[in-house]
Amino acid sequence: MSKTETETKKYDPANPEPLAEGMVRVVFMPEGRFADFEKGKLPYAHHGKPESILDVAENFDIFLDHACGGNCACTTCHVVVRQGAELMNEMNDDEADRIETAADLQLASRLGCMAVVEKPGTVVVEIPSWNRNYVSEGHAPKKE
Ligand code: FES
């Protein structure tokens, strides 16, 4: 799927498009934009760990805030994994220590820059409500 396609298509959980073998799909809720790529072939976007949720977002022009540049030094890339946690890496001590300071912390919370998709399949992440306005058009919202 090209960047253009991901900008127009929305994920339908009741009737998802088929995902070819060896492919990864990351769905960003609640907007429902999604990105498909071949596992191990995503170009590194230089933010966060390679093939992390943040790296995927950067590759497909889906804005996920990342104030520290993807270095596990803030919590602005906070996401909640709603599906596919078993496809992702284990949280290491640095991420665990950092995410404890996140607002609206949940059991399935991860830092987008540290959460790497390690196996093919579908991962659904939700952007916490306090951060949702940032996830549009590839930039932060205008200040009022
Ligand atoms: S971008 Fe700062 S912790 Fe992920």
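Every number in this text was worked out from the coordinates using simple rules, so none of it is lab data. This is a predicted model, so every value here is computed, not measured. Here Cβ is always computed from backbone atoms with ideal geometry, including for glycine, and neighbour counts include all displayed protein chains.
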>> Lysine pairs in the chain with Cα distance under 22 Å, only those 8 or more apart or on different chains: how many are there?
In response: 12
> How large is the charge dipole for the chain, taken about the Cα centre, if only the Cβ atoms of Lys, Arg (+1) and Asp, Glu (-1) carry charge, to the nearest 20 debye?
Replying inline: 280 debye
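Starting with the fewest neighbours, write out His46, His78 ranked by other beta-carbon atoms found within 10 Å of each beta-carbon.
Ascending Cβ contact count within 10 Å gives the list His46, His78.
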> Which residue, Ser52, Ser129, Ser109, has the most motion in a Gaussian network model of the chain that connects Cα atoms within less than 10 Å?
Replying inline: Ser129
> What ranking do Leu105, Leu87, Leu64 get, fewest neighbouring Cβ atoms within 10 angstrom at the top?
Replying inline: Leu105, Leu87, Leu64
> Going by how many other Cβ atoms sit within 10 Å of their own, how do Tyr44, Tyr11 line up, fewest first?
Replying inline: Tyr44, Tyr11
>> Let's see if you can work this out: charge +1 on each Lys and Arg Cβ, -1 on each Asp and Glu Cβ, no other charges. What is the dipole magnitude of segment 48-109 about its Cα centre, in debye to the nearest 20?
In response: 140 debye
